[in-house]
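The values are calculated or read from the model by the stated rules, or taken from the named source; none is laboratory data. What you are looking at is a predicted structure, and each value in this text was computed from that prediction instead of being measured. Ideal geometry is used to build each Cβ from the backbone, glycine not excepted, and the neighbour counts take in all protein chains shown.
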Amino acid sequence: ALSGEGKILALQLDYIGNVGAHPVSSAVLSNLLRMAGPPYDVPAMHVKVRGALTNTTPTSVYRGAGRPQVTYIVERLMDLAAAAIGLDRAEIRRRNLIATADLPYRTRLGLTYDTGEFSGNFETALSLIDWDGFAARRRDAERRGKLAGIGVANYLESPGAAPYERTDVTINTNGKVRAVIGTQASGQGHQTSFAQVVAGALDVPMESVSIEFGDSDRIAGGSGSHADRSMRLGGTILMQACEDILRQFRLRAAERFGVDARDISLVKDRYVTADGRSVGLFEVASEAPLTATAEISTRLHAHPNGVAACEVEIDSETGALEVTRYLSVDDVGRVVNPMIVEGQLHGGAAQGIGEALFEEIVYDRDTGQLLTGSFLDYRIPSTMETPRLETRIEECVAASNPLGIKGAGEAGITPAGAVIVSAAVDALQAFGVEHLDTPLSPERIWIAMNRGEPNTSARA
């Protein structure tokens, strides 16, 4: 429900999801239930989420786990609402984004957003995509026989995840720092990021730090890598363990000098007495290892957020769609390793492009046989279909953890489907198309184009 000025008055959402023969996890449905509405100011909500058991493949979670779905629903509603009341798609979003002055903001579904620059990031994305100058690019595409469209979508996550994590950090007598931790990488580069945290906290060379995971003989406990949790929780306990190491270092340095621990000062990686004597961290550890354990059993809630914008071109004869430009502005909290974060965002965006354009589970209607059971039939995007991905990373730190991490693992995929469909529908506005289901196959687009005669006056 909207006011005459385009302000959201209420949101009602009724979602029925196919969970297959049985769900391995309910995360998709539970995230939908928690996250409807963000990052918009929605005064009233009624959200109903149901899972339907069907005679299809059992379902589990995939990157995003409900976040892309609820973002898609809300952002499509924003586009449809803008069309219904005659507002620009950017303007209706602008009028409803949560203001920075209203933070912390508690949603009607019980979440609290502590930090963010939702409006600022939105305007940055519009500027980077040159939203106001798109009409000229649309006309240029028409001269080439293409139908061009532009889209924008906001997103805000609320990572869940298992709350337990543990690390054991040891400085050995040989001057090497060994950190054993339960969460582990599956291509995200945790070895590098975790080592950066430890090296920075202890003020030691990164080359002296080794990160170990994946061996249950050495690791006492942990909950793995999922839901944007590894750096937020793992980084927190690594910091806590390093702080304990430094506390022990101070006590042993003071004992070595025969002074009170309050009478020595830490200068880089050495404790110094008032008369100039000093000892280094590795010197103290060479006498006996320094070791510390840290555990956590809380989720440390944070809310990665941002904006995606893209442009597409559709072949007016075949319906084939190409994403010609894709960019995002992403607030992931503090960034430990910019290259790794950018890789996470790009990887998620590529997966989202695949979901929007190609990926579909298809069964034979007569036999129930799965027809897309291999990558010969289940198409995923290659570099040919993936445009150059542009990313602007913003760092509005989270208040829930000492590093200020929000998370980047699922940010890239979350707005992708919504923004690409928005752009595709915009490209087809002359044909009276209001909505398209994914995947946006040439056949589906061609059918939508040929349902009626084009109205050339609808093109801006």
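For the stretch 103-114, filtered to residues that are in contact (Cβ under 8 Å) with a residue 60 or more places away in the chain and surrounded by 12 or more Cβ atoms within 10 Å (Cβ to Cβ), the residue that is farthest from the chain's Cα centre (by Cα) is ARG108.
In the stretch 36-54, the residue that is nearest to TYR155 (Cα to Cα) out of those that are out of contact with any Phe, Trp or Tyr (no Cβ under 9 Å at 6 or more places or on another chain) and in a loop (DSSP other than H, G, I, E, B) is GLY37.
Of the residues in the stretch 207-227, none is touching a Leu at 6+ places or on another chain (Cβ under 6 Å) and hydrophobic (A, V, I, L, M, F, W, C).
Looking for something over 30 Å from the mean Cα position of the chain (by Cα), without any contact (Cβ under 8 Å) to a residue 60 or more places away in the chain and farther than 30 Å from THR298 by Cβ - is there at least one such residue anywhere in the stretch 122-130? Please lay out each step first, then the result.
So in the stretch 122-130, the residues over 30 Å from the mean Cα position of the chain (by Cα) come out as none.
No: the stretch 122-130 contains no residue that is over 30 Å from the mean Cα position of the chain (by Cα), without any contact (Cβ under 8 Å) to a residue 60 or more places away in the chain and farther than 30 Å from THR298 by Cβ.
Taking (1) of a type outside the set (Asp, Glu); (2) in a helix (DSSP H, G or I); (3) touching a residue at least 24 places away in the same chain (Cβ under 8 Å); (4) over 14 Å from TYR326 (Cβ atoms) in turn, ILE380 satisfies each apart from (2). Within the set ALA185, ALA141, ALA179, the sole residue that is buried (at least 19 other Cβ atoms within 10 Å of the Cβ), aliphatic (A, V, I, L, M), out of contact with any Pro (no Cβ under 8 Å at 6 or more places or on another chain) and outside any strand (DSSP E or B) turns out to be ALA141.
Go over the candidates SER30, SER26, SER3 one by one and state the one that is closer than 22 Å to ALA302 by Cα and surrounded by fewer than 15 Cβ atoms within 10 Å (Cβ to Cβ). Step through it out loud before you land on a result.
Details: SER26 fails: surrounded by fewer than 15 Cβ atoms within 10 Å (Cβ to Cβ); SER3 fails: closer than 22 Å to ALA302 by Cα.
The match here is SER30.
Taking first residues from the stretch 434-460 that are at positive phi and assigned by TED's automatic domain parsing to the domain that holds LEU321 and partners that are part of a loop (DSSP other than H, G, I, E, B) and at pLDDT 95 or above, no Cβ contact under 8 Å between residues at least 6 apart in sequence or on separate chains turns up. Number of residues in the stretch 68-102 that are part of a helix (DSSP H, G or I), in contact with a helix residue (DSSP H, G or I) (Cβ under 8 Å, 6 or more places away or on another chain) and among the acidic types (Asp, Glu) equals 3.
Any residue at all in the stretch 118-131 that's of a type outside the set (Gly, Ala, Ser), within 20 Å of GLU91 (Cα to Cα) and part of a loop (DSSP other than H, G, I, E, B)? Scanning the stretch 118-131 turns up at least one residue that is of a type outside the set (Gly, Ala, Ser), within 20 Å of GLU91 (Cα to Cα) and part of a loop (DSSP other than H, G, I, E, B). May I ask you to list the residues in the stretch 267-298 that are buried (at least 19 other Cβ atoms within 10 Å of the Cβ), under 30 Å from ALA162 (Cβ atoms) and of a type outside the set (Gly, Ala, Ser)? Across the stretch 267-298, the qualifying residues are LEU290, ILE296.
Number of residues in the stretch 35-82 that are over 16 Å from the mean Cα position of the chain (by Cα) and either among the basic types (Lys, Arg) or more than 13 Å from ALA10 (Cα to Cα) (or both): the value is 19.
Being touching a residue at least 60 places away in the same chain (Cβ under 8 Å), in contact with an Asp or Glu (Cβ under 7 Å, 6 or more places away or on another chain) and of a type in the set (Ser, Thr, Tyr) is true for just one of THR318, THR298, THR293. Which residue is that? First the steps, then the outcome.
On the way: THR318 fails: in contact with an Asp or Glu (Cβ under 7 Å, 6 or more places away or on another chain); THR298 fails: in contact with an Asp or Glu (Cβ under 7 Å, 6 or more places away or on another chain).
So the residue among THR318, THR298, THR293 that is touching a residue at least 60 places away in the same chain (Cβ under 8 Å), in contact with an Asp or Glu (Cβ under 7 Å, 6 or more places away or on another chain) and of a type in the set (Ser, Thr, Tyr) is THR293.
Among the residues of the stretch 290-326, those identified as assigned to a strand (DSSP E or B) and closer than 19 Å to GLY116 by Cα are ASN305, GLY306, VAL307, ALA308, ALA309.
Give ILE340, ILE353 a once-over and let me know the one that is of a type in the set (Val, Ile, Thr), touching a helix residue (DSSP H, G or I) at 6+ places or on another chain (Cβ under 7 Å) and over 30 Å from PHE431 (Cβ atoms). If you could, list the steps in order and put the result at the bottom.
Details: ILE353 fails: over 30 Å from PHE431 (Cβ atoms).
The conditions single out ILE340.
Of the numbered criteria (1) touching a residue at least 12 places away in the same chain (Cβ under 8 Å); (2) assigned to a helix (DSSP H, G or I); (3) closer than 28 Å to SER316 by Cα; (4) not aromatic (Phe, Trp, Tyr), the one ALA148 fails is (2).
Okay, residues lined up against (1) touching a Phe, Trp or Tyr at 6+ places or on another chain (Cβ under 7 Å); (2) assigned to a helix (DSSP H, G or I); (3) over 19 Å from GLY175 (Cα atoms):
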{"residue": "ASP215", "(1), (2), (3)": "no, no, yes"}
{"residue": "HIS226", "(1), (2), (3)": "no, no, yes"}
{"residue": "ILE245", "(1), (2), (3)": "no, yes, no"}
{"residue": "GLN248", "(1), (2), (3)": "no, yes, no"}
{"residue": "LEU251", "(1), (2), (3)": "no, yes, no"}
{"residue": "ALA254", "(1), (2), (3)": "no, yes, yes"}
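What number of residues in the stretch 224-252 are surrounded by fewer than 24 Cβ atoms within 10 Å (Cβ to Cβ), charged (D, E, K, R) and touching a residue at least 40 places away in the same chain (Cβ under 8 Å)? Total satisfying the criteria: 2. Within the stretch 435-443, one or more residues are surrounded by 17 or more Cβ atoms within 10 Å (Cβ to Cβ) and within 30 Å of SER230 (Cβ to Cβ).
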